[in-house]
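I have placed the structure first, in the form of structure tokens, so that the comments after it can refer back to it.
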Amino acid sequence: LKKDLSDAMVSPLGNPAMPMKMPFGPKWFQDFDWPMPNLLMAGVPGFEKVATGLMKKTFKNKGVATVEELRDLCVEADVKMVACQMTVDVFGFDQSEFIPEVTDYVGATYFLPVAKDADVCLFI
């Protein structure tokens with residue numbers, strides 16, 4: 001929900017459910033799951049930049065919309081967007097860093113009853 005997503009990175013570290021895929025080369029090379037141990041990912045400087053670049057290229061190759069495009073579609077569809085106040089506070093964000101379409105900054109105790117009555121709800 002932040003205005004500037006240019007510094008958003010993919011962090012495969014500690015996420016065993018995210019196999020590393022190559023977005024280039026022959027099909028067998030692209031389909032191979034690269035078993036990268038967490039220790040290797042943690043120790044290689046710039047690994048998140050590499051993982052982010054590979055993920056963006058993979059999404060582009062597969063015709064998947066970018067995060068920015070998906071957010072724009074949500075704004076166009078009048079999706080009500082709320083931010084987690086605790087996350088904003090913990091990471092020291094300022095409300096001016098968020099898109100103006102964020103209508104509320106709330107905690108889980110406020111959000112859960114609202115979500116319970118919603119037709120569709122996505123919590124990230």
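The values are calculated or read from the model by the stated rules, or taken from the named source; none is laboratory data. Owing to the predicted nature of the structure, the values given are computational and were not obtained by experimental measurement. A quick note on method: Cβ atoms are made from the backbone with ideal geometry, for glycine too, and the neighbour counts reach across all protein chains shown. We work out accessible area using only protein heavy atoms, side chains counted, and drop any ligands, DNA or RNA first. Shrake-Rupley method; radii C 1.70, N 1.55, O 1.52, S 1.80 Å.
Among residues belonging to the range 43-88 that are small (Gly, Ala, Ser) and modelled with pLDDT of 85 or more, point out the one that is farthest from ALA108 (Cα to Cα).
Among them, the one singled out is GLY63.
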Review point. In the range 96-117, what residues are among the hydroxyl-bearing types (Ser, Thr, Tyr) and either part of a helix (DSSP H, G or I) or farther than 10 Å from CYS84 by Cα (or both)?
Key: SER96, THR103, THR109, TYR110
Check your understanding: Listed residues GLY92, GLY63; which is assigned by the TED database to the domain that holds MET22 and at positive phi?
Key -> GLY63
Point to revise | Condition broken by PHE98, with the remaining ones in (1) open to solvent by 70 Å² or more (accessible area, probe 1.4 Å); (2) touching a Lys or Arg at 6+ places or on another chain (Cβ under 7 Å) satisfied | key: (1)
Exercise for review: Go over the candidates VAL75, VAL67 one by one and state the one that is of a type in the set (A, V, I, L, M) and farther than 30 Å from LYS27 by Cβ.
Suggested key: VAL75
Study note, to complete from the structure: Scanning the range 103-113 residue by residue, those in contact (Cβ under 8 Å) with a residue 12 or more places away in the chain and either closer than 15 Å to ALA77 by Cβ or open to solvent by 70 Å² or more (accessible area, probe 1.4 Å) (or both) turn out to be THR103
